[in-house]
Amino acid sequence: MVNYYSADYVLPVSTEPIHNGIVGVDESGEIIGVYQPGTKEISDKNIIKHRGIIAPGFINAHCHLELSHLKGKFPKGTGLISFIEAVISQRNTAEAEIIDAMMAADKEMKQNGIVAVGDIANRSVSKSVKVKSTLYYHTFVEILCFEPEKAQEVFRDGLALCEAFEGLASSITPHAPYSVCKEIFRFFKQLHKPENNLLSIHNQESEEENKLYRYKSGGFIDFYQKLKRDISFFKAQARDSIQTIVPLLPKRQPVMFVHNTYTNMKDIFFVDRFAGNVTWCLCPNANLYIEGRLPKIDLFLNQDSPITLGTDSLASNDKLCILSELLTLHAHFPYLDLAETMKWATINGAKYLGIDHRYGSIEKGKKPGLNLISHTDGLKLSQNSTVVPLL
Ligand SMILES: [Zn+2]
């Protein structure tokens, strides 16, 4: 049986928005067709009419499912370093509590119309939840190692953890420029099939990261002192963190830089010139939660690398909802065009995760999930907009 849904607008993403468009979907969720109003072929069909916008299922490009139990635990606006210290202090939570919170978070994402997730892992605890979930997960196993002498061991442990996610999509990735030494990047260059290893790197989430790289000063010096880590080997690089690490990255590995709150125009030029396959991931609500500011969005609009959206974790967000990220962006940057930002929320993430054959756009033969966004104003969101999955 095929169901036909229509709304004020259908946003297929792969083609132009269709006013009063209609989508045909079979029982398995496969798109049978996308139609203009009045199409003869379906004139005798019963069409389920909605107000609002029909869009493909959302792709949450950056999440940390395993931090879900930290919801509401940390105050807002403390800055990144205090936030990291707070996360480290909560390491000993009971596993049952963590799993319950992850299951609730997985359910919340589904209810908010998310169909696929790029999820960071530092341990294997999220595997049982991901195996049972109807959402698609790509797990990024994070490597954190700022001390060169430990690099080999830490990298080996990371590969083993990645193997623990066998049966699910996974890859290993450096955590962030301030937490990974050059030696770790050398190991990434030696990976057997680099083009299959997606990277997802936290980037310039705090100005302290740039201070560390430019001048070897700022909050990360105290941070490592408190952890009793000797970073005397590290030399100031006289340029921003991203400009230092891009030349160290294996060119064939697709890389997604996440947050980019303190990324400037020079950094973007540098990345355009010297990096391979780059995607910029924005997590606006998490940026406001932790640092109380947003990236310079305009810098990312007119360049070649695609933009994706992520929620980050419930430790730094009130909800796991891509519509909520869109609402924040459109409220702060009212000139953004929803037909464009919807690509950030859907197809760009699907392409990055290598799942655009199924997800990311409403096209015949795909099973992208369908979302109904209500309380809209033509092709614009309103602050009251809500989302429910239609399938
Ligand atoms: Zn993150």
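For the range 337-391, what is the accessible area per residue in Å² when the probe is 1.4 Å?
Numbers: 2410 Å² over 55 residues.
Heavy-atom accessible area per residue stands at 44 Å².
Looking at the range 327-391, which chymotrypsin sites (Phe, Trp or Tyr not before Pro) are in a loop (DSSP not H, G, I, E or B) and have at most 14 other Cβ atoms within 10 Å? Before the final figure, lay out each step's value.
On the way: sites: Y335, W344, Y352, Y359; in loops: Y335, Y359.
Counting only loop positions with at most 14 other Cβ atoms within 10 Å, the chymotrypsin sites (Phe, Trp or Tyr not before Pro) in the range 327-391 are Y335.
Ignoring ligands, DNA and RNA, what accessible area per residue does the range 1-123 give at 1.4 Å, in Å²? Walk me through the intermediate numbers first.
Numbers: 5740 Å² over 123 residues.
Per residue, the range 1-123 has 47 Å² of solvent-accessible surface.
For R239, R91, write out the residues from largest to smallest accessible area, computed with a 1.4 angstrom probe and no ligands counted. Each step should come with its number before you reach the end.
Working: R239 95, R91 165 Å².
Ranking R239, R91 by accessible area, largest first, yields R91, R239.
So which lysines can K49 reach, going by Cα to Cα under 26 Å and dropping same-chain residues fewer than 8 places off?
By straight Cα distance, K49 reaches K40, K110, K343, K364, K366, K367, K380.
May I ask you to give the percent of accessible area on the chain that is carbon plus sulfur, with a probe radius of 1.4 Å? Please report the intermediate quantities before stating the final value.
Values: 8380 of 16920 Å².
C and S atoms contribute 50 percent here.
Determine how large the accessible area of E27 is when every protein chain is in place; take a 1.4 Å probe and give Å² rounded to the nearest 10.
150
Compute the label zone of K226 within the range 278-297: residues whose backbone N is under 17 Å from the point 7 Å along Cα-to-Cβ.
It comes to 290-291, nothing else.
Give, as ranges by residue number, the residues of the range 292-330 whose backbone N falls under 20 Å from the point 7 Å along Cα→Cβ of S89.
Answer for this model: 292, 313-318.
Kindly report, to the nearest 10 Å², the accessible surface of H19 as traced by a 1.4 Å probe over protein heavy atoms only.
100
Taking only Cα atoms and a 10 Å spring cutoff, compute GNM fluctuations for the chain and point out the largest among D100, D44, D157.
Of the options given, D44 has the highest mean-square fluctuation.
Please check: in the Gaussian network model of the chain (C-alpha springs, under 10 Å), which one of V141, V117, V25 has the largest mean-square fluctuation.
V25
Just to be sure I understand: with springs between alpha-carbon atoms less than 10 Å apart, which residue in S82, S200, S361 has the highest mean-square fluctuation in the Gaussian network model of the chain?
Looking only at S82, S200, S361, the largest GNM fluctuation is found for S82.
What whole-number distance in Å separates the alpha-carbon centres of the range 1-43 and the range 67-101?
Here the two parts' Cα centres lie 43 Å apart.
So how much slack lies between N264 and E166, counting 0.36 nm per residue of separation and subtracting their Cα-Cα distance, in nm?
Details: separation 98, 0.36 × 98 = 35.28 nm, distance 3.79 nm.
Gain in length upon complete extension: 31.5 nm.
The values are calculated or read from the model by the stated rules, or taken from the named source; none is laboratory data. Just so it is clear, the model here is predicted, and its values are computed rather than measured. A quick note on method: Cβ atoms are made from the backbone with ideal geometry, for glycine too, and the neighbour counts reach across all protein chains shown. Please note that ligands, DNA and RNA were not included when accessible areas were found on the heavy atoms of the full protein model with its side chains. Shrake-Rupley method; radii C 1.70, N 1.55, O 1.52, S 1.80 Å.
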